[in-house]
Amino acid sequence: MSSFTIGNYYPGNSLIHRLDPRVKLGFSLVLMIIVFFLNKPVPLALYGAGITSLIFLAKIDLRTVWRTVKPILFITSFAFVLNMFSVPGKTLIEIAGPLKITAEGLQTGVLMAVRLIFLIIGSSILMTLTTTSLLLADSVESLLAPLKTINVPVHDISMMISIALRFIPTLADEADKIRKAQSSRGANYDTGGFMQRIRGLVTILIPLFVSAIKRAEELATAMESRCYRGGEGRTKLNQLHMKVRDIIFLVMGLVVVTGILVVQFAF
């Protein structure tokens, strides 16, 4: 197994692990939304303290958290650089021609990078790292159940989400194996210019897409051979039930979120 953690479930018996998956999914969506309303140091610091509390409540190793953040560092760096050079304002450093670093751009870039990191950590802690893909699918199906009245295929949507989450670490491992196989044949992905490295990725992406299509076909054949016909008439071994700890966590979480928003907009 590679060090890629997005989509992986880490077994445990912490408070976060035992929460109802519907509570975790709903609260993670709230966290995803409000993080984009925060643009001041104090609310962001409070938000970061809340994310840190979730890490310790879930008893997730900090190295695991780092491996969760590591895959998005390129996107985070790109967003930082893009905002740093594109946002107009007071010039700090003028490089060449229109390229210049502004104070407002630097501030916006840092803000965007912090938001992305908080977004990934919060969603990973509450969902993929502490909740199995099956429970996530059940929670999505439960939350979207009212849409069945207008013939929305809720079960199919939740099944697709479950399969997608399950295949993320599998495809990551497959990509790592392909990269090592190509390197053993003389391929070099660490030297050369930017465009040369991009062209080198083609030798990984094409076999990866072929492998993904093959796995999808095998999965479809396996489901058909087991007479899978969707959610109609299907029952569940474990039913989801809200408990007192779920309500307490949800109420306390919403109180903290409300406090952060008050600090953001009132001060």
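The values are calculated or read from the model by the stated rules, or taken from the named source; none is laboratory data. None of the values given here were measured: they were computed from a predicted structure. Virtual Cβ from ideal backbone geometry, glycine too; neighbours counted across all protein chains shown.
Condition check: in contact with a Leu (Cβ under 6 Å, 6 or more places away or on another chain), surrounded by 10 or more Cβ atoms within 10 Å (Cβ to Cβ), at pLDDT 80 or above and not charged (D, E, K, R). Does residue 248 satisfy that? No; evaluated as a whole, the condition is false for this residue.
Based on this model, can you work out whether residue 69 counts as among the β-branched types (Val, Ile, Thr) and either surrounded by 14 or more Cβ atoms within 10 Å (Cβ to Cβ) or on the phi > 0 side of the Ramachandran plot (or both)? Break it down into steps so the answer makes sense when it comes.
Values: among the β-branched types (Val, Ile, Thr): yes; either surrounded by 14 or more Cβ atoms within 10 Å (Cβ to Cβ) or on the phi > 0 side of the Ramachandran plot (or both): yes.
Considered against the rule, which asks whether it is among the β-branched types (Val, Ile, Thr) and either surrounded by 14 or more Cβ atoms within 10 Å (Cβ to Cβ) or on the phi > 0 side of the Ramachandran plot (or both), residue 69 comes out as yes.
For every residue, the table says whether it meets (1) of a type in the set (A, V, I, L, M); (2) within 24 Å of residue 12 (Cα to Cα).
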residue: 79; (1), (2): yes, no
residue: 98; (1), (2): no, no
residue: 105; (1), (2): no, no
residue: 114; (1), (2): yes, no
residue: 119; (1), (2): yes, yes
residue: 125; (1), (2): yes, yes
residue: 128; (1), (2): no, yes
residue: 136; (1), (2): yes, yes
residue: 143; (1), (2): yes, no
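Among the residues of region 140-184, those identified as closer than 23 Å to residue 228 by Cα and polar (S, T, N, Q) are 142, 149, 151, 158, 162, 170. Here residue 101 meets each of (1) under 21 Å from residue 31 (Cβ atoms); (2) among the hydrophobic types (A, V, I, L, M, F, W, C); (3) not in a helix (DSSP H, G or I) with one exception, condition (1).
Restricting attention to region 148-176, which residues are surrounded by fewer than 17 Cβ atoms within 10 Å (Cβ to Cβ), on the phi < 0 side of the Ramachandran plot and either of a type in the set (S, T, N, Q) or modelled with pLDDT of 85 or more (or both)? Residues satisfying the conditions are 149, 150, 170. Checking each residue of region 5-13 against the condition of being within 27 Å of residue 261 (Cα to Cα), under 19 Å from the mean Cα position of the chain (by Cα), hydrophobic (A, V, I, L, M, F, W, C) and surrounded by 16 or more Cβ atoms within 10 Å (Cβ to Cβ) gives no match. Applying the criterion of at least 1 residues that are out of contact with any helix residue (DSSP H, G or I) (no Cβ under 9 Å at 6 or more places or on another chain) to the helices (runs of 4 or more DSSP H) found wholly in region 6-61 leaves 21-34, 41-58.
Tell me which residues, restricted to region 126-147, are of a type outside the set (A, V, I, L, M), part of a helix (DSSP H, G or I) and surrounded by 15 or more Cβ atoms within 10 Å (Cβ to Cβ). Give the steps one after another, and end with the answer.
Residues of region 126-147 that are of a type outside the set (A, V, I, L, M), as a first pass: 128, 130-133, 138-139, 141-142, 146.
In the following step, the residues that additionally are part of a helix (DSSP H, G or I) were identified as 128, 133, 138-139, 141-142, 146.
Within region 126-147, 128, 133, 138, 139, 141, 142 meet the criteria.
Within region 85-100, residues that are of a type in the set (D, E, K, R) sit with their Cβ atoms under 6 Å from residues that are at pLDDT 75 or above and not in a strand (DSSP E or B), at 6+ positions apart or across chains, in these pairs: 90/103. Out of 74, 27, 36, one residue alone is within 30 Å of residue 171 (Cβ to Cβ), in contact (Cβ under 8 Å) with a residue 40 or more places away in the chain and loosely packed, with under 12 Cβ neighbours inside 10 Å. It is 36.
I'd like to check something: does region 106-117 contain any residue that is surrounded by 14 or more Cβ atoms within 10 Å (Cβ to Cβ), in a helix (DSSP H, G or I) and either basic (Lys, Arg) or not assigned by TED's automatic domain parsing to the domain that holds residue 14 (or both)?
Yes: region 106-117 contains one or more residues that are surrounded by 14 or more Cβ atoms within 10 Å (Cβ to Cβ), in a helix (DSSP H, G or I) and either basic (Lys, Arg) or not assigned by TED's automatic domain parsing to the domain that holds residue 14 (or both).
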